[in-house]
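Worksheet: the structure to be examined is printed underneath.
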Amino acid sequence: MDQAHAEEILKKVIAIPTVNDNEKEVADYLASLFAPYEDQGVTIEELAYSPGRSNLIVTIGEGETTLGFSGHQDVVDPGDLADWDTDPFVPTIKEGRLIGRGASDMKSGLAAVVCAMLAMLEEKKVPGKIKLIATVGEESGEYGAAQVTDAGLADDLSALVIAEPTDGMRQICYTSKGVVDYHVTSKGIAAHSSRPHEGEDAIAHLLEFANEVQARLARLDKKDPVLGKLTSLITLIKGGEQINSVPSQAELSGNIRTIPDYTNQVIFDVIDGLIAELNAKPGYQLSVDYIYPEEPMPGDAHSPLVQLLQKVGLEVFGHTLTPVGGTGASDGSEFVRAKGDYPIVMVGPGSDSQHQPNEWVSLAAYHQAIAFYQQFANEFFGK
Ligand SMILES: [Zn+2]
């Protein structure tokens with residue numbers, strides 16, 4: 001794979017606008033790159049999430065062990081176009097940087113793993129069974145990765161490398177916090193405030209929940225050596241109708257950042273248990289919804305996978321990749337639910353300009369990433 005071809009592939013995927021939609025166009029394009037190799041045993045599968053939105057799964061090579069590479073095909077909204085120096089969907093090269101929405105997060109990582117796999121096929125040097133999983137909807141709830149996981153398509157992996165940006169491939173993110181966003185509604189009975197005994201105070205019931213849930217979550221006080229402690233915030237609250245009425249409704253939203261010591265089920269048990277206790281009292285009517293909860297991603301800074309990535313990093317880049325923890329969720333939070341206990345790490349060429357105007361990737365980092373993924377796959381399979 002020459003550099004011009006690798007750049008053309010990256011430019012093509014950036015030029016397809018996939019702001020929380022339209023990922024099928026990227027999936028179709030990537031599938032077309034692998035199609036010429038179908039007679040070499042390459043399998044290509046699209047898993048539709050909804051019309052216009054498809055996950056893509058491509059498998060090359062064979063063997064008992066499967067190495068996974070993954071990336072999401074969606075991007076975040078470019079925001080105010082006046083903040084951009086160029087059209088976010090017209091990839092532009094300036095001073096060694098390729099600029100465009102998704103250049104960092106994470107079409108460069110996705111294109112780099114695709115180019116690495118195509119290079120193996122071109123050179124007829126596929127070291128083992130390698131599976132590409134390109135997802136939809138990572139930025140708005142990781143529901144593509146959830147769908148792929150629920151379909152069992154990530155069950156057979158032995159290790160998974162997600163090509164999310166890690167400071168131009170200077171870091172390896174091997175563990176990250178999970179997220180539980182929740183919304184609680186409290187229903188009461190309205191009455192004139194001069195006759196409060198005729199009503200049920202939805203705000204008072206909600207505040208009781210708010211104080212108690214924070215107290216109970218604070219008891220989950222284990223400290224992860226890298227990620228720190230679980231954190232919990234009540235981020236939105238509103239309720240009531242007018243100043244002289246017993247409030248008949250109130251609601252709040254909360255955001256919990258979890259650590260691998262506590263699976264999301266532990267959090268659900270705390271919240272659901274409290275709601276059930278309160279609802280057992282006369283007049284209480286509370287309910288909870290969870291919004292795209294994401295599991296924490298456990299990991300080990302000294303695992304054989306991290307050590308191998310560091311070894312290959314030193315060979316390809318001449319620098320050591322630093323193992324780090326992440327505070328945000330990614331598709332990894334869904335893939336951890338797959339059957340099979342395999343390590344998941346993130347390492348990719350994007351810069352720290354993700355979600356910003358003039359998002360960019362260093363072209364040098366992009367080309368090195370392709371070499372890195374190819375070399376890593378060889379060494380992973382002992383070749
Ligand atoms: Zn991303």
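The values are calculated or read from the model by the stated rules, or taken from the named source; none is laboratory data. Quantities reported herein were computed from a predicted structural model and do not represent experimental measurements. Methodologically, a virtual Cβ is constructed for each residue, glycine included, from the backbone with ideal geometry; neighbour enumeration extends over all protein chains shown. In case anyone asks, the SASA skips ligands and DNA or RNA and just uses the protein heavy atoms, side chains included. Shrake-Rupley method; radii C 1.70, N 1.55, O 1.52, S 1.80 Å.
Looking only at residues that are assigned to a strand (DSSP E or B) and more than 12 Å from the ligand (Cβ to nearest atom) in the range 340-355, which one is surrounded by the fewest Cβ atoms within 10 Å (Cβ to Cβ)?
Looking at the filtered set, the residue picked out is V345.
Kindly indicate the residue of the range 84-140 that is hydroxyl-bearing (S, T, Y), in contact (Cβ under 8 Å) with a residue 24 or more places away in the chain and surrounded by fewer than 24 Cβ atoms within 10 Å (Cβ to Cβ) and also farthest from the ligand (Cβ to nearest atom) among those meeting that condition.
Only one residue fits best here, namely T86.
Residue check, G188 against (1) in the same structural domain as N279 (by TED's automatic domain parsing); (2) open to solvent by less than 10 Å² (accessible area, probe 1.4 Å), all met but one. Which one?
The number of the failed condition is (2).
Restricting attention to the range 240-278, which residues are surrounded by 14 or more Cβ atoms within 10 Å (Cβ to Cβ) and over 29 Å from the mean Cα position of the chain (by Cα)?
Of everything in the range 240-278, those that are surrounded by 14 or more Cβ atoms within 10 Å (Cβ to Cβ) and over 29 Å from the mean Cα position of the chain (by Cα) turn out to be G240, S245, V246, P247, S248, Q249, A250, L274, I275, L278.
Within the range 154-177, take every residue that is away from the ligand (no atom under 16 Å from the Cβ) and open to solvent by less than 30 Å² (accessible area, probe 1.4 Å) and give me the one that is farthest from F69 (Cα to Cα).
Among those that are away from the ligand (no atom under 16 Å from the Cβ) and open to solvent by less than 30 Å² (accessible area, probe 1.4 Å), it is T175.
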